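In what follows, a structure is listed as structure tokens, so that the remarks can point back to it.
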Amino acid sequence: YAPLRAWIAGRHSVDPARIVVTNGSLQGFVFLADLLAGNGERVLVEAPTYDRPLKILDGLGADVDAVPQTDEGIDVDALAERLGRGTPPAFLYVIPTFQNPSGRTLGSDGRRRLVDLAAEHELVVLEDDPYGLVRFEGVAPPTLHELEGGERVIYSSSFSKIIAPGVRVGYLVLPEALAGRVESLATSTYITPSTR
């Protein structure tokens, strides 16, 4: 649905060709995991994290490497240590704002360090942000996508937390190099996502 794609693109200051609308944000995760870790690659996640991505990665035979958290979210020092050893990961899956299930939010300094690590290690980061707009107080820190510019950070969100759970419309903001591949996979799976 081109108007929705254009609205999302405007919200994130990117070209609409970088937006893929999905049947919920989890479907976007499935597409990315299949493309990036479908051959048993190593994937970094927070410990603990949302259980559905873990089930998807397990089904793909991915090598899941869980990084501990601090009181603010993912332990960036532990992440740096993990990036310095072993096979380079296919990607990092992280929920930096109101993390599920811990509810923690990574501060601005931690976000900047994470983005720096992504650049240093050529790490693809999947920033899952379904809860970012469900803030009742305080100032929201910049997203990883905003800090990094969207070349290594893929941004994922959903309207199910801010409008209604039954809406089941999510989206990805992708780097140009990956957008076409994900869109091809999406259109081979469905004609168009729900527009209700």
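Listed here are the residues, each with its yes/no results for (1) open to solvent by less than 20 Å² (accessible area, probe 1.4 Å); (2) in contact (Cβ under 8 Å) with a residue 60 or more places away in the chain; (3) over 24 Å from Y171 (Cα atoms); (4) under 13 Å from the mean Cα position of the chain (by Cα).
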{"site": "R85", "(1), (2), (3), (4)": "no, no, yes, no"}
{"site": "T97", "(1), (2), (3), (4)": "yes, no, no, yes"}
{"site": "G110", "(1), (2), (3), (4)": "yes, no, yes, no"}
{"site": "R113", "(1), (2), (3), (4)": "no, no, yes, no"}
{"site": "L117", "(1), (2), (3), (4)": "yes, no, yes, no"}
{"site": "H121", "(1), (2), (3), (4)": "no, no, yes, no"}
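Within the stretch 20-31, not a single residue is in a helix (DSSP H, G or I), out of contact with any Ser or Thr (no Cβ under 8 Å at 6 or more places or on another chain) and either of a type in the set (G, A, S) or farther than 20 Å from E183 by Cβ (or both). Across the stretch 43-59, what is the number of residues that are open to solvent by 20 Å² or more (accessible area, probe 1.4 Å) and either basic (K, R) or touching a strand residue (DSSP E or B) at 6+ places or on another chain (Cβ under 9 Å) (or both)? Selection size over the stretch 43-59: 7.
The residues of the stretch 37-50 that are closer than 14 Å to D128 by Cα and either at pLDDT below 95 or assigned to a loop (DSSP other than H, G, I, E, B) (or both), listed by number, are T49, Y50. The condition of being within 17 Å of L144 (Cβ to Cβ) and touching a Gly at 6+ places or on another chain (Cβ under 9 Å) holds for only one of G61, G73, G38, that being G73. Give the stretch 131-145 a look and list any residue that's modelled with pLDDT of 85 or more and surrounded by fewer than 20 Cβ atoms within 10 Å (Cβ to Cβ), or say none. Across the stretch 131-145, the qualifying residues are P141, P142. Of the residues in the stretch 27-43, none is under 18 Å from Y171 (Cβ atoms), touching an Asp or Glu at 6+ places or on another chain (Cβ under 8 Å) and basic (K, R). In the stretch 1-35, the qualifying residues are those that are within 13 Å of the chain's Cα centre (by Cα) and open to solvent by 20 Å² or more (accessible area, probe 1.4 Å), and the one that is nearest to Y50 (Cα to Cα) is L26. Scanning the stretch 146-160 for residues that are open to solvent by less than 40 Å² (accessible area, probe 1.4 Å), over 13 Å from L26 (Cβ atoms) and among the small types (G, A, S) yields a total of 1. Assigned to a loop (DSSP other than H, G, I, E, B), at pLDDT below 85 and open to solvent by less than 10 Å² (accessible area, probe 1.4 Å) - does that describe any residue in the stretch 169-177? Scanning the stretch 169-177, I find at least one residue that is assigned to a loop (DSSP other than H, G, I, E, B), at pLDDT below 85 and open to solvent by less than 10 Å² (accessible area, probe 1.4 Å), so the answer is yes.
Checked against (1) at pLDDT 95 or above; (2) more than 30 Å from T189 (Cα to Cα); (3) touching a helix residue (DSSP H, G or I) at 6+ places or on another chain (Cβ under 9 Å); (4) surrounded by fewer than 20 Cβ atoms within 10 Å (Cβ to Cβ), D71 passes all but condition (3).
If you go through the stretch 58-65 one residue at a time, do you hit one that is among the acidic types (D, E) and assigned to a helix (DSSP H, G or I)? Yes, some residue in the stretch 58-65 is among the acidic types (D, E) and assigned to a helix (DSSP H, G or I).
The values are calculated or read from the model by the stated rules, or taken from the named source; none is laboratory data. Note that the structure is predicted; figures quoted are calculated from it, not measured. Please note: Cβ atoms are built from the backbone with ideal geometry, for glycine as well, and neighbour counts cover all protein chains shown. Quick note on the areas: whole protein, heavy atoms, side chains included, nothing else; ligands and nucleic acids left out. Shrake-Rupley method; radii C 1.70, N 1.55, O 1.52, S 1.80 Å.
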